[in-house]
Every structure is written in C-alpha cells, then in structure tokens.
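Undergrad: This is the structure I have questions about; it appears just below.
Nothing in this text is a laboratory measurement; each read-out follows from the coordinates by a stated rule. Source: prediction; values computed, not measured. For neighbour counting, all protein chains shown are included, and Cβ atoms are generated from backbone atoms with ideal geometry for every residue, glycine included.
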Amino acid sequence: MTSEEPIVDIRDLAFHYGGVWAVNGASFTIDRGAVTGLIGPNGAGKSTLIELLSGTLTPHRGSILYQGVDTAGFGPPRVAQMGIARTFQTARVLPRLPVIENVMVAAGNQVGESPLKAIFWRSSWRKQEAALREEATELLDWLGLRDHLLAPAGTLSGGQRRLMEIARALMAHPKLLLLDEPTAGVFPETSRLIATRVREIAKQGVGILLIAHNMGFLSTVADDVVVMAEGRVLTRGPLEVVRTHQEVIAAYLGASNARPELGEQVGSA
Amino acid sequence: MLFFFTDLLVLGCINAIMVVGLNLHYGYAGLLNFAFYMYVAIGAYIAAVTTMGSPTFPGVTYIFGWTLPWWVGLILGGLVAAAVSVVIFAFTVRRLRSDYLAIVTVSAAFIMLNVVNSFTPLFDGGTGLFNVPPITGNLSISSEGYSLVMLAVTAVILALFVWVSQRIFRSPFGRLLRGIREDEAVTTAFGHASWRPQLWIFVIGSFMAGIAGGLFVLYISAWNPGAFLPIESFFLLSSLIIGGSGNYWGAMLGAFVVIEGLAELSRYSPTFGNPADAGAIRAIVIGVALILVLRYRPEGLIPERWLRWYRVGAGNVVRRFPALRRNVP
C-alpha cells in the first residue's frame, strides 16, 4: 500500500437512531499526514460519524475501509488496536486517577496488564512500564501539562482536559486520530497550542479527522474541509473555497434547501 | 484477658482478609457485589466438610467428609469460591452494571442461603456444621494457645493478600481496572474489552473470601446459615467505604475499626430493653458511621490517592515531538 492511498475510505455510510437518519449516505476519504476538517450545522451527523469510525456504533449501511479493511461491526477495542484513537465531544477523563495514569492506560500491548504477570512476574513488565511513564511524561510536557502529572484528572480545567485527551490518544500511537471538537470551550491561547500540536502530529504521517465550529481555528489547522448537512457530505475543499459555497451558506443559515443530490459531490474540491 | 485480645485480633485478621478481598471487587474494579459473604460461606463450608470425617451424629448429614489436612481444605474452599464466582460472573457482571448488578448479587445470596438452609444432605441445613477439627489436630492445646496459633496463620495470610493487592495496585493491570471503574468508555476506546480484567479481579477477590471463610470455620469450629445472612455483606461494604475504598490500608483499617471496634463497642454498650437487640444496635452504629463518613469524608479515612508510590523524574524536559518514536524503524 502506498502512502498516497487514503487511510480511510468511507463509502455510502448510513446510521439511524430509531427513525432519524443521523448519517445518510456519507462518502469521503481521509488522507495520511493531513488534517481533514469536518464541519456542518448541529445535527449534521458529524459526531455520529466519529462514533461510527471508532467502532462505538455499527453502520446500518455502507462501509468504512480502514487501510483496506472494512471495520464495520468490529467494536471499539478492536478498532482501537488497529490504530484508531479518538477524543470525546465532552472530554472524558478518569477523574480519580492522576493525569499520567490517564495517559498511560491508553498505551497498547502492555505486558503488565496480564494479571498473573502483574502479581508474580514484575520483571517482565518493569522496563516497559518505565518507558511508558517516560513517554507519557514527555507527551504531557509537550502539551503543556508538565505541572499536572500527578494531579487527579478530575481537577483539570476544561482546556487542560482537552490537552490531556490528545496526549492520551497519542499514547496509543494512532495511525488515524479522531478529534471531536478539541477546542470547544477552550481559552484562545490553549486553542492556538492545540492547533500547533495538531499540525505537528499530522506532519508525522498521522491522518487526522477534526470536528470544529471555529472557522478561525480550522483555517490554521485544516488542509481540507468536509462539509456535512443532514447526514450527507455537501462538499469538500479548502476552507476558503468551501466558505463561499452557496449550499454551505444555506445550510449554516438554516435554509433547509440542501438538496439530496448534492451528496454526489463527494471528494470534489 | 490475653484470650480476649488474641481472639479479637484473629477475628480482625479474618475480617480484614474479607474486606481486602472485597476491596479488589469494589475498590479496584468498581463491581458492587452485595453477595460477597456468599463466597465466604462457600469457603467455610468446603473447608469444613473436606477436613471433617464422615457424619457420625444421628440426623447430621453433609457431603464429602474427606478428613483432609486443614490447609488443603482451606485452599479447596478458596478454589471452590473462585469457581462459583466464575459462574456468577458469566451470568451477572458480564451483562449488568452497578445497580442492576447489586440487585442480582443480593438475590443470588438469598437463593444460596435458602438452598443451604433447606437442602440438608449438602451442609446439614439450618443446624449447620460443628466439631470442625482444629488445625492443631490432636495436639491438646488451650483455647488461648489455639487463638495464638490461629493469629499467626491468619496474620501471615492477611499479609500475603495485602502483598497481592499492592502488586495489583501498582501494576498496569491495576491501572486498567481503575480505568474501567472510572469510565469504561475510555478504556474501551483504547483497546481494552472490560470483561477479562474484571473476571480476573472477581475471581481473585472471591478466592480471598473463600480463604477467609475457611479460616473462620477452622477457628470457631462451627458454621451454619445464620452466619452468612446477606446483612454481613453490607457490614463488609460499609467498613470498606469507611476505611477507604480502593486502598488496602483503608480496607484493613475499616475491618478493624468498624467490624471489630464498633461491633465490640456495641456489645459493651449499656444494656437497655431486650439484650437480644445487640445486633440491631450494631447495625445502627455502623449505619451512622457510614453516613457520617459519606457526608464528611466520602473517600474514606485512608483515601485511595494516598497510595501514590511513584515519582515522575524532574529532568528530561523534552520540547521535541515525542510520540510515535517506537513506530519509527
């Protein structure tokens, strides 16, 4: 597989909650080493799409080809083991655990998670544990949480929780990173730090899908923006082009004339 | 007087083993198990019937009667308790969460109680078992001497189980369990199915419960269904929460302070009304203590966070991008 191939190819994806089709025939690709922004009005299906990609939900129609494998129905643990990491729309922390443990728990293939080795064979995992602790420390330092390593995660502020979630996701060494509104309710300076870090992560070859509402933030991080409305992809392209798109303006202004056939414009820039 | 203290300490150690085991279930993994005393009872029964001889008294019936050495019976009790916990786990923990799990575990305890009570061939029904051989065998020994021997045995086993608890707490396995307890969605999203580590901790905790039950029956030499009323599980859980859920020192403190201290205190409280109300007074005292702790110190007397053992190095402040370095060829 060449690195030019997209990391994820979403084809005609559909999911409904009861009678409401949250995602209805969405198709687009996410490239390696690029930040793909995902925008759209409330109820457009953005968060449902992340839940589908992370395996929490199983699509009712369509496929998610991740590195050529359809992950539909795999469930979150298996999807995560394949190299997809995520953050949550409302930051989820393990409140009573120290920040460093919150991050370390995300690392894959930990020998000491085997109960018998944990109790009776400490030397089998001690070195790995030390390396993980060092890596978690570096990651948290890199994200500006150096002073909070041992603080219970429940004491972090909203912005710090967002940063910690990114550190946790990176601890899993993802190939695809799903960021669900990483700057929602975050102080502008922290938001700028997140933008810088997201760009640096993408430079390492990680594919990033990022939901955001703040156009200023998006313009600094996203290579490409996918616009969703009513469960479909309206259009895709660089932010400045997409912003002037008539249908996008209509969708954002609430005029419900986003016609279904516009879903066909998948991938067109 | 000496006997009074050694007796208290032996019972305290046995209770501490139970609470340390329950701490693995509830403190480490967040599994709200109200049937914990059921595993204690299973351990006690199995240890009793495997070390006793065949029934000799008329009208007394029980299974086995293998006259095995005490330590074999003790371990068998623990293993059977652990095996039963696997079955219970398959039907409850894997499918149910918190409050629902609690209801089902309470039901399981009542079912078990009723089966043992009414099916006499198993463990002699409501009359229960008595004349369980002491661990000193035929050696003639005073009750004071015996309590000293038992104190040594229980203390060693308690120390062993605390060591196991500590190993688990400080390991990635313990961290994963805490993660599942705090927010299962996070650990699941990072590649961990919850049931496997939960099953392991459930089995380990139940094994400890079985051992505690075996030690109990070997010490007091008798056991009947009246000894494992489901209320006992509430006392254990209360003492764990008061002592500090998630912290093995807290679990031990809870066992000694709540079960020993408060229970014994209420035994010596001035008698008024019917002396048979002592049990009710015990429940009231523990209930009040639980409410006070939950109101003023919800993490318990010795909180889990006091167990932080590691330091994060002050050096190696890194500004470069550190992630993914193990992926680089």
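Undergrad: Once label points are set 7 Å from the Cα along Cα→Cβ at both A:PHE187 and B:ARG196, what is their separation, rounded to one decimal in nm?
TA: 4.1
Undergrad: What is the calculated FRET efficiency for B:TYR296 to B:ASN131, with r their C-beta to C-beta distance and R₀ = 45 Å, to the nearest 0.05?
TA: Result of the calculation: an efficiency of 0.45.
Undergrad: Rounded to the nearest 500, what is the 222 nm mean residue ellipticity of chain A from helices alone, with -39500 (n - 2.57) per DSSP H run of 4+ residues and division by all residues?
TA: Taken over chain A, the calculation gives -10000 deg cm²/dmol.
Undergrad: Give the order of A:MET164, B:MET1, B:MET18 when sorted by the count of other beta carbons within 10 angstrom, beginning with the fewest.
TA: Arranged by neighbour count, lowest to highest, A:MET164, B:MET1, B:MET18 become B:MET1, A:MET164, B:MET18.
Undergrad: Let me ask something else about it. Of the residues B:TYR39, B:TYR100, B:TYR62, which exhibits the maximal mean-square fluctuation in a Gaussian network model of chain B defined by a 10 Å Cα contact cut-off?
TA: With Cα springs under 10 Å in chain B, the top fluctuation among B:TYR39, B:TYR100, B:TYR62 is at B:TYR100.
Undergrad: Which residue, B:ARG170, B:ARG282, B:ARG295, has the most motion in a Gaussian network model of chain B that connects Cα atoms within less than 10 Å?
TA: For chain B, modelled as a Gaussian network with Cα springs under 10 Å, the answer is B:ARG295.
Undergrad: Still on this structure: Kindly put B:VAL217, B:VAL293 in sequence by how many other C-beta atoms sit within 10 Å of each C-beta, fewest to most.
TA: So the ranking, lowest neighbour count to highest, is B:VAL293, B:VAL217.
Undergrad: Quickly estimate the mean residue ellipticity at 222 nm for chain B, helices only: each DSSP H run with n ≥ 4 gives -39500 (n - 2.57), and the total goes over all residues, rounded to 500.
TA: -20000 deg cm²/dmol
Undergrad: Specify the angular offset, from 0 to 90 degrees and rounded to the nearest 10, of the alpha carbon long axis of helix B:143-169 from the longest principal axis of the alpha carbons in chain B.
TA: Rounded to the nearest ten degrees, it is 20.
Undergrad: Eigenvalues of the Cα gyration tensor times 5, then square-rooted: what semi-axes does that give for chain B, in whole angstrom, largest first?
TA: 37, 23, 20
Undergrad: Give the residues of segment B:235-257 whose amide nitrogen is closer than 20 Å to a point set 7 Å from the Cα of B:ALA283 in the direction of its Cβ.
TA: B:235-242
Undergrad: Would you report the distance distribution of C-alpha pairs in chain A as whole percents per 10 angstrom bin, up to the bin with the largest distance?
TA: 7, 29, 34, 21, 7, 2, 0
Undergrad: Mind giving me the nanometre distance, one decimal, between the label points for A:GLN128 and A:GLN89, set 7 Å out from Cα along Cα→Cβ?
TA: Modelled inter-label distance: 3.5 nm.
Undergrad: While we're here: Full-extension gain between B:SER143 and B:ARG305, please, as 0.36 nm times their residue separation minus the C-alpha to C-alpha distance.
TA: Full-extension gain reported as 54.2 nm.
Undergrad: Is any residue of segment A:34-65 close enough, with backbone N under 13 Å, to a label point placed 7 angstrom from the Cα of A:ASP223 along the Cα-Cβ axis, and if so, which?
TA: What the label zone holds, given the 13 Å backbone N cut-off, is A:34-37.
Undergrad: Using a cut-off of 15 Å between alpha-carbon atoms, which aspartates and glutamates can reach A:LYS175, once sequence neighbours fewer than 8 places away in the same chain are excluded?
TA: Cα-Cα hits under 15 Å: A:GLU4, A:GLU5, A:ASP9, A:ASP31, A:GLU200.
Undergrad: While we're here: Evaluate Rg over Rh across segment A:1-134, taking Cα atoms for both radii and Kirkwood's formula for Rh.
TA: With Rg and the Kirkwood Rh in hand, the quotient comes to 1.05.
Undergrad: Taking the Cα centre of the protein assembly as shown as origin, work out the dipole magnitude from +1 charges on Lys and Arg Cβ and -1 charges on Asp and Glu Cβ, in debye rounded to 20.
TA: The calculated dipole for the protein assembly as shown is roughly 940 debye.
Undergrad: If you don't mind, another one. Obtain the nm distance between the two label points defined at A:GLN81 and B:ALA159 by a simple spin-label model: each point lies 7 Å from its Cα along the Cα-to-C-beta direction.
TA: Here the answer is 4.1 nm between the modelled labels.
Undergrad: Next question, about the same structure. Roughly what angle does helix B:2-22 make with the longest principal axis of chain B, taking Cα atoms, 0 to 90 degrees, to the nearest 10?
TA: Value to nearest ten degrees: 40.
Undergrad: Run the reach check for A:LYS117 against lysines, Cα to Cα strictly under 25 Å, same-chain hits fewer than 8 apart removed. What comes back?
TA: List returned: A:LYS127.
Undergrad: Taking 45 Å as R0, compute the FRET efficiency from the Cβ-Cβ separation of A:ARG11 and A:PHE120 and round it to 0.05.
TA: That pair, A:ARG11 with A:PHE120, gives E of 0.40.
Undergrad: For B:PHE110 and A:MET215, what is the calculated FRET efficiency with R₀ set at 56 Å and r taken between the beta-carbons, to the nearest 0.05?
TA: 0.35
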